Amino acid sequence: MQKLLTTFFLLVTFTVTSSAQQEIKVSPSNVNVYSQGATTYFLTYGNLDNYRPIESQWCGELAPAAPDLGMRCAPQTIYGSLPVRYNQARLSGNNGYTDIVSVPAAIARKAYQAAARGEDARFYYVRRFVNQNGGPDQYTFVTLRLTGNGAGVPFSLTDVRMGFGKTTGLTGSGSEPQVLFVEPNGKLPPIRAELTYTGTGRLVGRWEIVQPGEELPERRDLLTEAALPIEERGSQKRYRQLARFNIFLPPGGKFVLPGPDPAKLPAQAEGQYLILLRVEASDDRENDSDLAAAGAGVGVVHSGAVAGFPLPVLRYVVGGGDHTQAVAAHQTSNFAPLLPRDGATLPLNQPVDFVWSALAGAAVYRLEIEDEAGALLHSALLQANALSYRAPSWLKSKARQRALQWRVVALDKSGTMLSETGRRSLRFSVVR
């Protein structure tokens, strides 16, 4: 009998221990958020094992998730879900998962209104994990507390807009990129970035420039460093550095960051240039993840200046045919091809970028490249915020000495054609 009881006790102990070992943990588990606006914070989950993360929600109350594990959102108190455009989550490191959580102002407002009615001032962020072996799902929650936009809130960037000069419009994340047209060897105006942020901390980073012919940055290259898992930091593409900055941002939420010296902006070679704002991770107690506490490794991940979106870029085009016509096309929203020039002969050993001006109301652009007989060789569909396209390498080898022609077609959301540019011709040649 004693042996049977001992066996039963060991079995129960093993079962409880195994269940505890499989519990998904998160760090930090408590976060302050700004009650009157957006906030972004960095989370690390650990001990995922056979679990896969799926949807997440904000809510005012929790309820047992049985027969699943943990606490889920009480259905009648759900405030909303993490927007897809802000989802920068990533499997990470030692059986872990990095979640960049952007709390929209609308969610904070719902929580604030609930608190004003006398309900609990806390609300919750709940992430669901599915067991890929058919076992019960797990729900892991983070407690959020409403507060003012002071030192107790994570240091995060909630909006970044960039522009040329002091009076021109600004380009923001997801908006139509601003394009400046410059004569060869011309002078460029000053640059500025207007930042909206929460909390307080050091803004550390650099200005870089992508020159014609260089590999273009991908979407993940435009994230702030603090939005990346620890093992990916330092892996983003690097370009020529124009200037560095290291500035303390006090509580307040607004700051105008001056750009690099305009004299450092190159304008000799014709083509498209991209100016990048690169923001590095800084120490911020409110945006730290303890990997050991989450069961995802050892050490602390500092994530000051995290942002839930890719930073915008500034573009300028040197040349592009008749400069006066190019500027007029841009200012009147006329739809026109810019680069390469009509009749250009381009070397086979260099990348080729097609550049065009924007058309108001366009949802999609379709680039078409044909041979001289009008047969379609290649086409590409691009979103409305893309005003350039790098040709695939095989196109040059396929074309060789043949003349090509290209145009861009603008489509609305229903796929109906709004306008088309004129056709331009080009050919490739071997540089000897």
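The values are calculated or read from the model by the stated rules, or taken from the named source; none is laboratory data. Bear in mind the structure is a predicted one, so any value in this text is a computation, not a measurement. All Cβ positions, even for glycine, are placed from backbone atoms using ideal geometry, and neighbour counts span all protein chains on display. When the accessible area is computed, the model is the full protein with side chains, heavy atoms only, and any ligands, DNA or RNA have been set aside. Shrake-Rupley method; radii C 1.70, N 1.55, O 1.52, S 1.80 Å.
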Candidate set from the stretch 208-222 (those that are among the hydrophobic types (A, V, I, L, M, F, W, C) and open to solvent by less than 10 Å² (accessible area, probe 1.4 Å)); member that is modelled with the lowest pLDDT: 210
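Yes/no per residue for (1) under 29 Å from residue 311 (Cα atoms); (2) open to solvent by 20 Å² or more (accessible area, probe 1.4 Å):
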{"site": "52", "(1), (2)": "yes, yes"}
{"site": "63", "(1), (2)": "no, yes"}
{"site": "66", "(1), (2)": "no, yes"}
{"site": "74", "(1), (2)": "no, no"}
{"site": "107", "(1), (2)": "yes, no"}
{"site": "113", "(1), (2)": "no, yes"}
{"site": "120", "(1), (2)": "no, yes"}
{"site": "134", "(1), (2)": "no, yes"}
{"site": "140", "(1), (2)": "no, no"}
Tally, over the stretch 65-81, of residues that are free of Cβ contacts under 8 Å to residues at least 40 places away in the same chain, touching a strand residue (DSSP E or B) at 6+ places or on another chain (Cβ under 8 Å) and among the aliphatic types (A, V, I, L, M): 2
Enumerated strands (runs of 3 or more DSSP E) restricted to the stretch 78-169, each holding at least 3 residues that are at pLDDT 90 or above and farther than 21 Å from residue 28 by Cβ: 156-164
Hits in the stretch 347-359 - residues which are in a loop (DSSP other than H, G, I, E, B), aliphatic (A, V, I, L, M) and within 24 Å of residue 269 (Cα to Cα): 348, 352, 358
Selection from the stretch 40-61 of residues that are at pLDDT 90 or above and closer than 23 Å to residue 105 by Cβ: 40, 41, 42, 43, 56, 57, 58, 59, 60, 61
Top-ranked residue in the stretch 282-309 [being without any contact (Cβ under 8 Å) to a residue 60 or more places away in the chain and closer than 30 Å to residue 208 by Cα; ranked as least open to solvent (accessible area, probe 1.4 Å)]: 300
Residue, modelled with the lowest pLDDT, within the stretch 179-207, restricted to residues that are of a type in the set (S, T, N, Q) and open to solvent by 30 Å² or more (accessible area, probe 1.4 Å): 185
Residue within the stretch 35-47 that is over 20 Å from residue 230 (Cβ atoms) and open to solvent by 60 Å² or more (accessible area, probe 1.4 Å) present: yes
Strands (runs of 3 or more DSSP E) lying entirely in the stretch 360-430 (those with 1 or more residues that are acidic (Asp, Glu)): 364-371, 417-420
Residue match in the stretch 122-143 (condition: of a type in the set (Gly, Ala, Ser) and closer than 28 Å to residue 196 by Cα): no
Residue in the stretch 233-241 that is more than 20 Å from the chain's Cα centre (by Cα) and among the basic types (Lys, Arg) present: yes
Test: residue in the stretch 315-323 that is at pLDDT 90 or above, out of contact with any Gly (no Cβ under 7 Å at 6 or more places or on another chain), open to solvent by less than 10 Å² (accessible area, probe 1.4 Å) and not in a helix (DSSP H, G or I): no
